[in-house]
Amino acid sequence: MIYEGKQKIWSDYQKEIPDDHYFYVRSCIRQSFFPASEAAFLHITRNILNKDIFETEHHTTCGGIAYHSDAIPQETAMTIIARQFALMKKYGYENYVCSCITSFGLYCETMETWREFPDLKEKIAENLWKSCKLEFAVPKFLVHASDMIYKYRNQIAAHAKFKLVDHKTGKPLKVVEHIGCHYSKMFPSKGVGGAEYPYVLAGMIEAWGGEVVDYPERRHCCGFGFRQYFVKSNRGYSLSNTYKKFESMEPYEPDLIITNCPGCPYFMDRWQYVIAESEGKTYGKNGHGIPVMTYEEVAGLVLGFDPWDLGLQTHQIGPEPLLDKMGIPYNPEEKYKGKNGKDLGQPRQLDCIR
Amino acid sequence: MKKNVLIIGGGPAGMEAAHQINKLGHNVILIEKEHDLGGHLAKWDRLFPTGRNAREVLDTLKENMKGINCFTDTEVKSINILKESYNVILSNGITILADAVLISSGFDLFDAHKKEEYGYGIYDHVITNADLEKYYKTHNDERIKNPKRIGFVHCVGSRDEKVGNIACSKVCCATAVKQACEIKEEFKDAEVICFYMDLRMFGRGYEDLYLKAQKEYGIRFIRGRVSEVSENIDKSLQIKAEDTLSSKPMKVSLDLLVLMAGMRPSKSGNDIGKMLELSTMEDGFFNTKDDFNNLQQSKRPGVFYAGVATGPKTLPETLNEARSAALEIHNYLAETL
Amino acid sequence: MIDFGFKLSPSSRIDLDKVDRTLLKRIADMEPDFKKCMACGSCSATCSAGAYKATSMRRAILALQNGLTNKALEELESCMLCGKCTLVCPRGINTRHLILSIQKICGEK
């Protein structure tokens, strides 16, 4: 691997990420999959980095799940999106940041479509006015929340309490980065580092002391694919894609997988259990899986947030081996305690994977 | 009085034209931006289909150049278009009043970095056709270490709208098959695979080369474009392609991958084109005055073309064009006396 | 074991890393012309059996190259050894003889 070659590509794909003043929209599913990720993002940007990040309870889904499942036509999705953008304008913002990769891809696709087909743009603006009496607007800058954490990666490193380093040996942890397909595969120029060698997560890993693992199936989709997962008879296909990735990364013995998509971390986390149960195979050491985390969770750990406050107890694969390596203290007693010590109840302990 | 003919580009086309125009009794000035004459030919080791030593062909061209005015390390700075001539200012400070200008600016090799998915300049064992020729000349390339399995990807930067070139570069198929045979000679135990979309073995002796590659060298031809290259933990390469004849995706590990970079219009040729306001076709190469009857003339009187400046060509075709251009220039000068 | 109602899908991908080339080498040694096939399909087009049953010299050669010995044998199973394929092969491969050799070598279990 010639690192300079990658650097050259990274320098070709740099997008402008404004420093401050964003209108933030959440993901439909991330709050239940990774309950503290979005809260961590807001806490880091607002309270640690002192940025102006605005959110409103009036925003909705982007329509992506319905659109990608063929439940609604493109025009409907575009009108939903136009309403989101209109809210941004209404509250006086022009930079738009979204938590979800599916949304990010759909926003890119929509803005690109409006650029190509101004008539359609007019029609959507009309739909928006008729249905919501809101003024049509397009963001000046559209970014994904991981773009922002990427932009602030060195500031976060400056505040770091822990690093992606084995605190006993001083060696960098081996970290797999997995990018949501819709981040840059559709529009390579919209992603930091492009589509073939995205830098958005790799940059965070480097800034926080880890070593990026580039394994053969790095570019491969996690297999979520909406229809592939939603329909049970297709679920094997979804599982097979994740399996292929794990088989490919196995020789590198990764310590952690970091992702920027709602679906990927969920499936890469949960399918490890299904693979362990049905194939009897685990990819970490001593019957453990490989912890899969969102970039906000990793940023939170680096900044010294309590692992249980970050919601890491909701992951299938226990984060403990990673916490031990990074030297992060945690109280096992507190793992399944919610806010104010409320007992969340313990999941059944599995024999096949930890 | 002798007429001045300025030849821009000292590759095979420019050299052969210089020789012929000089023999026809005109005053030739040849300029070349590189330090040495010969263009890509000087960087090549052997030529298809026969494996003829490129050096010998180049030496003949050089021998014929003796006594001809030649400026290397020299580029055109500007051109004033006069009524019946061209006032050309060179980067070495010399000004030439040319009665005719021959553009033999050739091609640039497609920059294989642009096919990001192939990992040229990123993965340790991905090289180009030009790198391989250099290896054959020097036997010095760290990326080539006793490979056991070697792949060739045809059409890199050719027939590819994604990189902005839908045209076929014409010579890469024959070059790939030639290089595949040569590498098999070098590494006798290696398995060699060519990934092609169509095999365009159109010239005399090319089909024989293909047959030889199959029969004598046992080279496997897989009809399918490589979609993606990545690196295994042992630094070997993982290749994905479809074996389109089986209609199945295919995966294979390789120790060396050779990208057959195609031909793009030369950048310095384009600059000359802008100075002379010459038109190009959609592929970026220059437009000839007529597709059939006037292949060497541009639409501007007194400006001529030879070789790849007007689209991909083989070396014999290029040399023939040079001879043809010499004759056209000779006739033009006679008519405008 | 838990039945999830779904499981890993088998891969249809050809993995050349896993192809055992010993049989291929034996065939090539016995029938050097075998390597000359350029997949034109003349043999399959004219095949007497191929019109009724999946029979194709071209596919059999491809299957062998991809390490699918059983598939190659299946492709030749219905061959009646009429020799029409040999007549049409532009590369002059003695396909009839090749079929016999493939069956001889690959048929040995």
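The values are calculated or read from the model by the stated rules, or taken from the named source; none is laboratory data. A quick note: this is a predicted structure, and the numbers were derived from the prediction, not measured. Counting neighbours? That spans all protein chains shown, and the Cβs are built from the backbone with ideal geometry, glycine included. Surface accessibility is based on the protein's heavy atoms, side chains included, excluding ligands, DNA and RNA. Shrake-Rupley method; radii C 1.70, N 1.55, O 1.52, S 1.80 Å.
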Hz values of 3J(HN,Hα) by residue in region C:43-49 - Karplus curve (6.51, -1.76, 1.60), Gly and Pro given as x: 4, 5, 5, 9, 4, 5, 6
At a 1.4 Å probe, what is the % contribution of carbon and sulfur to the accessible area of the protein assembly as shown? 50 percent
Packing-based ranking, highest mean first, of B:87-95, B:173-181, C:54-62, A:181-189 given that Cβ atoms within 10 Å are counted: B:173-181, C:54-62, A:181-189, B:87-95
List the residues, sorted by chain then number, that are 5 or more residues from A:V165 or on another chain and whose placed amide H is less than 5 Å from its amide H. A:L173
Note on region B:112-262: alpha-carbon gyration tensor, axes a ≥ b ≥ c; rule is a/c under 1.5 for rounded, else prolate if a/b larger than b/c, else oblate; result rounded
Ordering of A:83-91, A:237-245 by packing [mean C-beta count within 10 Å, highest first]: A:237-245, A:83-91
Principal semi-axes in Å for chain C [√(5λ), Cα gyration tensor, largest first]: 29, 17, 13
Under the rule rounded for a/c under 1.5, else prolate if a/b exceeds b/c, else oblate, using alpha carbon gyration tensor axes a ≥ b ≥ c, the protein assembly as shown is classed as oblate
DSSP beta bridge pairing in chain B, given as percent antiparallel to the nearest 5: 50 percent
Go ahead and estimate [θ] at 222 nm for chain A from helices alone: -39,500 (n - 2.57) per DSSP H run with n ≥ 4, summed, over the residue count, rounded to 500. -12000 deg cm²/dmol
Accessible area that becomes buried as C packs against B, both chains, 1.4 Å probe, Å², nearest 100: 1900 Å²
Rounded to 5, the percent of DSSP beta bridges in region B:79-216 classed as antiparallel: 60 percent
Counting only residues 5 or more apart in sequence or on a different chain, those whose built amide H sits under 5 Å from that of A:H288 are A:R354
Note on the protein assembly as shown, DSSP bridge orientation, antiparallel percent to nearest 5 equals 35 percent
Averaged over its residues, how many other protein chain Cβ atoms are within 10 Å of peptide B:239-246's Cβ atoms? 4
Helix-only CD estimate at 222 nm, as mean residue ellipticity for chain B, using -39500 (n - 2.57) per DSSP H run (n ≥ 4): -8000 deg cm²/dmol
Using a 10 Å cut-off around each Cβ of peptide B:116-127, what is the average number of partner chain Cβ atoms that fall inside? 4
Students often check this: by mean Cβ neighbours within 10 Å, which of B:59-70, B:8-19, A:24-35, B:242-253 ranks highest, and how do the rest follow? B:8-19, A:24-35, B:242-253, B:59-70
Once amide H atoms are placed 1.01 Å from N in the peptide plane, what residues at a sequence separation of 5 or more from B:K77, or on another chain, have their amide H within under 5 Å of its amide H? B:I89, B:L90, B:S91
Find the sum over both chains of the accessible area lost when B and A are paired, probe 1.4 Å, and report it in Å² to the nearest 100. 1500 Å²
If you count only protein heavy atoms with a 1.4 Å probe, what accessible area per residue comes out for region A:19-145, rounded to a whole Å²? 43 Å²
Per residue, accessible area of region B:42-103 with a 1.4 Å probe, heavy atoms of protein chains only, in Å², comes to 54 Å²
Rounded if a/c is under 1.5, else prolate if a/b beats b/c, else oblate: with a ≥ b ≥ c from the C-alpha gyration tensor eigenvalues square-rooted, which is region B:1-53? oblate
Electrostatic dipole magnitude of region A:19-145 [Cβ: Lys, Arg +1; Asp, Glu -1; Cα centre; debye, to 20]: 280 debye
Provide the per residue accessible area, probe 1.4 Å, for region B:112-262, rounded to a whole number of square angstrom. 37 Å²
Using the Karplus equation 6.51 cos²θ - 1.76 cosθ + 1.60 (θ = phi - 60°), what ³J(HN,Hα) coupling, rounded to whole Hz, does each residue of region B:77-86 give in order, writing x for Gly and Pro? 8, 7, 10, 9, 8, 9, 4, 10, 8, 10
Using only protein heavy atoms and a 1.4 angstrom probe, determine the accessible area buried between C and A, summed over both sides, in Å² to the nearest 100. 1100 Å²
Karplus couplings for region A:349-354 from phi (6.51 cos²θ - 1.76 cosθ + 1.60, θ = phi - 60°), rounded to Hz, Gly and Pro as x? 6, 9, 8, 7, 7, 10
How are the C-alpha pair distances of chain A spread across 20 Å bins, as whole percents from the shortest bin up? 30, 59, 12, 0
Shielding of A:3-13 by other chains, given as the mean Cβ count within 10 Å, works out to 3
